[in-house]
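Okay, structure first, notes after.
The values are calculated or read from the model by the stated rules, or taken from the named source; none is laboratory data. Worth saying up front: this structure is predicted, and the values here are computed from it rather than measured. Cβ: placed from backbone, ideal geometry, glycine included. Neighbour counts: every protein chain shown.
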Amino acid sequence: MMLDELSQSRARRTLTAGSRTLRALRLDGPLTGVLSLIVAIGVLVVYSASGQNVRMVEHHLGNIAIAVAAMILLARFSTPQYLRLFAPLAYVIGVLLLIVVDVTGHIGKGAQRWLDLGFVRFQPSEIMKLAVPMLCAWYMHERPLPPTFKDLVMMALFIAIPTAMVIVQPDLGTALLIAASGLIVMLLAGLRLSIILLSIPLLLAAAWGGWHYIHGYQRQRILTFINPESDRLGAGYHIIQSQIAIGSGGVFGKGYMHGSQAQLDFLPERSTDFIFAVIGEEFGLLGQLLILSLYGFVIGRALYLAMQGQDTFSRLTGGAIALSFFVYVFVNSGMVSGILPVVGVPLPLISYGGTSMVTIMAGFGILMSLHSHRKLVGS
Amino acid sequence: MVRRVRIKDHWGERRIFTIRGIVAGVIVAMSLLTVAARLFYLQVVRYNYYSELSQGNRVRIEPIPPSRGLILDRNGVVLADNMPAYQLEVVREQVGDTAQLNASLKRLVAIGLLDADDLPDIKRTIMSHRVYESVPIKLQMTDQEMAVFALHRFQFSGIDIHTRLSRHYPFGPLAVHALGYVAAISARDLKKIDPATYAGTTLIGKLGVEGAYESQLHGTPGYREVLVNAAGRPVHKEGAYRPKLKMRPPVAGKDLVLGIDIRAQLAAENGLAGLRGAVVAIDPRDGDVVALASTPGFDPNEFARGLTDKQYAALENDPDKPLINRALRGAYPPGSTVKPYYALAALHYGVMTPDETIFCPGYYHLPGSSHLYHCWRHRGHGSISMRRAIEQSCDVYFYNVANKLGIQRMHDFMSAFGFGRLTGIDISGEKSGLMPSPAWKRHAYKDAANQVWFPGETLIVGIGQGYMLATPLQLAHAVATLSERGIAFKPRLVIGIRPPGSTRLVRLPVDKEPGIAGITPDQWEVVDEGMEAAAQPGGTVANISVGAPYRIAAKTGTAQVFSLHQNQKYNASQIAERMRDHGLLIAFAPVDHPKLAVAVFVENGEHGGTIGGPIARKVLDAYLLPDKAAPPRTKPMTGPAP
């Protein structure tokens, strides 16, 4: 309050007005600010990467509007209690929708990930990215931490059901993200180090088993990741062209809308999964480091907010949202720069494409709600 | 049983979360730093490498093929040029999907523009190109085909008629064995050529002048840099700016001027019409090949157009062997055409004098042998001198000459005239024929019994039979040398080269050979007189000089396809056409200052004088009396009128 009285400058007043609005909307100032910055950069990059396609940018802006609305609504109107009660319901609805998608997909042969409700099309698997960690957090909320063996089995089941359903779509990328979001809850809940170490050989065995189960193109992606040159024009093309784009950008980049790799279509999926390479080509190392720093700030701030959560549900959910976001960033930037295999994971908040944007912003809305609606207990 | 009830320890749980959260934060930081390090590696450490790759990605070098040099005859008549050819081309993406493409191709078959049998090949070709590339599916369309397509054009989207330069031979099959032809570059050609020089070129010279002078005719391709996107499609700008692109125009190939005179060539081919044979005419003053014909021939335009396997097989399996260049590759027994040379040899080595006579009873036998060697005239020539022996082609006289000379001297003397070795003409494929000798026989046969040279073999070689083989080109080269009295030139088809864009012809220097030395003018005179007499009434080839305003010297020859038994008589009517004797003729004119030497060879033509005389005369007339020769008519062009 001292601040209000002392500051006379208009800028200062505007700032205060802004922070008051944020507080009224139950949004976290620093987090909202940096998220907005990332989204704004995303709009500029999508304009360039799409080949100056104004319609795509308009569509992108529409997605942002929906995503921001979801974030604000969740931050403002949901409370930890409601969210906790809603978690099992969201999970069940999500599973039912996945069944619908899988069945219709089976009938209409080929990959089926979308659910068309007439007015809006979305991927039910996206719901699970939030519903799985929330259900795990809900489950652990009433139970003492760290989780017992039975708790772990239950959570593993919660994770395995939707993961398996998404794998058969087939959408390995999303399945991995769903599984990761649940595993994060298990880890944050205090999963013992001995179990973590013990699970490593089990995971390796599962990987070996999974190798025989996954689709040919998915297997090829992993093989190609190990040696991109083996398939220059096929699967290796993505990796090679992406690295050429990034590498040729140098420290300062070729300039906005001057990236030849991106502008001449050499870079595949350049406005979606490989948009990070466009940033690297046009804005160089500095541009990419800026983006990574902004992401780092978002993750750090989100973890900080999660730590301040009042109860187990809030902390676990918040932590899972923060770290899932990290997983997106790491998997995408790692894939684009060639240190991870190519998995269809978009660069969060920047890639063109609505569903993931809405999910992520909704997640941050929940995170901020959990933080801003905590009851102030005298300590 | 006491069930241990765990109660929630809120403080402890918060601690767990905080510690795990901090650990997670450290992992996050480390992971992001790993990515940052990777980016540093790509963008700073390997910047140059990736920068080059990116540059190579976006600029494609597109070749501009050069225009092939023209081929002209000695008077500037165009024998090979480049014509816009109209061809049907398909752009797959404009046609639609595979079903629509198939439907369009079927409609083209229905209106008669394509052959149903070719469809699988055509489809494969189309599919092997990128979707936006224009793929030729029918080359060199005729007026009628263009009209048919124009009528149905509305039914076809993505299919249209395009123009490009193709090789065109205005006279069709005329002089094809001298000119050669161009055809699609084969895998074997690719091993010999620099692919960069042939970028954008689809045709390459195969045989004849087209093949031998390929490097001169081809020219240098130009290039232009084209900005392309990842699909390889040319684009005008990348993002927001237009880069500078380089372009170098192509340099056309050099024009070649041949020694061929189109009128003499036409006369030769008209004379050979319907026959299997060859005519080679050489200007003895410089070795220029004035006519080089081999029949049957083929239309080289077909090769430029692209032959189907079936068409090519038909040419190759034709029993008349139209693809064989008989002028260079046909090695036949030269028969009596060798007699003037042996007469010279006899004078040169002093084994005979011109007026010394020999009695011809119609046969000859070696001393101490009962084997009879017949004269072609079974009742004999009686007492005969050298001039008369040449005029009448008396075999017995030349059995005597051969016997006196011996095979080694015959071999040495004939080799100096070029028998048994390549003439070195400036196109490839030439055969060397064979001038036998005891040394040759020792190498040629493995078993000792065959390695011995028999005296009888010398006699047979003395009348141009037996092991001796010569090509029509060698015959022409030898008679040219004879007519110039020992001055020899290497035969050549190309006499001048015109650089692109220039009107100045650079004449190639003549290639003089050692020739024949040590023969006196009197000795040459004897042979000339004998040959001139042969071309006069009473001679073996009297028909050649009927009404000729210039003096002609000639000598006939007949080469046995199979040998007769001792007492058998040759009866043409009883022998299958393919087993009949080959007819040969050599001639030069005018006798006093020779301007053209001709060799005529007619496969199974029986008698060289009867069949070869009129042919040689037509060629001589066409070259020596150009005003009387029929003006050449070009073959009607395939394709539309301009």
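Laid out as a table, the results:
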quantity: All positions within the range B:598-632 that are at pLDDT 80 or above, of a type in the set (D, E, K, R) and within 14 Å of B:ARG276 (Cα to Cα); calculated: B:GLU603
quantity: Selection count, the range A:263-281, where residues are crowded, with 23+ Cβ neighbours inside 10 Å, part of a loop (DSSP other than H, G, I, E, B) and facing chain B (nearest Cβ under 9 Å); calculated: 3
quantity: Test for B:LEU53: is it at the interface with another protein chain (Cβ under 7 Å from one of its Cβ atoms), modelled with pLDDT of 85 or more and outside any strand (DSSP E or B); calculated: no
quantity: Enumeration of residues in the range B:371-394 that are of a type in the set (D, E, K, R) and out of contact with any helix residue (DSSP H, G or I) (no Cβ under 7 Å at 6 or more places or on another chain); calculated: B:ARG377, B:ARG379, B:ARG388
quantity: The range A:316-334, residues that are under 12 Å from the mean Cα position of the chain (by Cα) and more than 9 Å from chain B (Cβ to nearest Cβ); calculated: A:ALA320, A:ILE321, A:SER324, A:PHE325, A:VAL327, A:TYR328, A:VAL331, A:ASN332
quantity: Failed item, numbered, when B:PRO66 is tested on (1) crowded, with 16+ Cβ neighbours inside 10 Å; (2) at pLDDT below 90; (3) at the interface with chain A (Cβ under 7 Å from one of its Cβ atoms); calculated: (3)
quantity: Qualifying position, being in a loop (DSSP other than H, G, I, E, B), of a type outside the set (Val, Ile, Thr) and either at the interface with chain B (Cβ under 10 Å from one of its Cβ atoms) or in contact (Cβ under 8 Å) with a residue 24 or more places away in the chain (or both), among A:GLY365, A:GLY344, A:GLY284; calculated: A:GLY344
quantity: Residue selected from the range A:117-140 under the condition modelled with pLDDT of 65 or more and over 22 Å from the mean Cα position of the chain (by Cα), by the criterion nearest to A:ASP311 (Cα to Cα); calculated: A:MET140
quantity: Condition met for B:ALA448 (modelled with pLDDT of 90 or more, out of contact with any helix residue (DSSP H, G or I) (no Cβ under 6 Å at 6 or more places or on another chain) and more than 14 Å from B:PRO334 (Cα to Cα)); calculated: no
quantity: Which numbered condition A:SER260 misses (of (1) at pLDDT 80 or above; (2) within 8 Å of chain B (Cβ to nearest Cβ)); calculated: (1)
quantity: The one condition in (1) in contact with a helix residue (DSSP H, G or I) (Cβ under 7 Å, 6 or more places away or on another chain); (2) modelled with pLDDT of 90 or more that B:GLY539 fails to fulfil; calculated: (2)
quantity: Residues located in the range B:267-284, provided they are under 23 Å from B:GLY496 (Cα atoms) and assigned to a strand (DSSP E or B); calculated: B:VAL279, B:VAL280, B:ALA281, B:ILE282
quantity: A:PHE313, sole failed condition from (1) more than 8 Å from every other protein chain (Cβ to nearest Cβ); (2) closer than 18 Å to A:LEU27 by Cα; calculated: (2)
quantity: Pick from the range A:287-310, criterion of a type in the set (S, T, N, Q) and more than 8 Å from every other protein chain (Cβ to nearest Cβ), ranking: nearest to B:TYR47 (Cα to Cα); calculated: A:SER293
quantity: Selection within the range B:15-28 - closer than 30 Å to A:GLY250 by Cβ and either in contact with a Ser or Thr (Cβ under 6 Å, 6 or more places away or on another chain) or within 7 Å of chain A (Cβ to nearest Cβ) (or both); calculated: B:VAL28
quantity: Residue ID - modelled with the highest pLDDT, chosen from residues in the range A:238-257 that are in a helix (DSSP H, G or I) and more than 9 Å from chain B (Cβ to nearest Cβ); calculated: A:SER242
quantity: Residues satisfying the stated conditions in the range B:534-552, i.e. in contact with a strand residue (DSSP E or B) (Cβ under 9 Å, 6 or more places away or on another chain) and hydrophobic (A, V, I, L, M, F, W, C); calculated: B:ALA534, B:ALA535, B:VAL541, B:ILE544, B:ALA548, B:ILE552
quantity: Entirely in the range B:422-500, the helices (runs of 4 or more DSSP H) that have 1 or more residues that are in contact with a Leu (Cβ under 9 Å, 6 or more places away or on another chain) and in contact (Cβ under 8 Å) with a residue 40 or more places away in the chain; calculated: B:455-462, B:472-483
quantity: Number of the exception - B:THR337 against (1) within 23 Å of B:HIS607 (Cα to Cα); (2) under 21 Å from the mean Cα position of the chain (by Cα); (3) touching a residue at least 12 places away in the same chain (Cβ under 8 Å); calculated: (2)
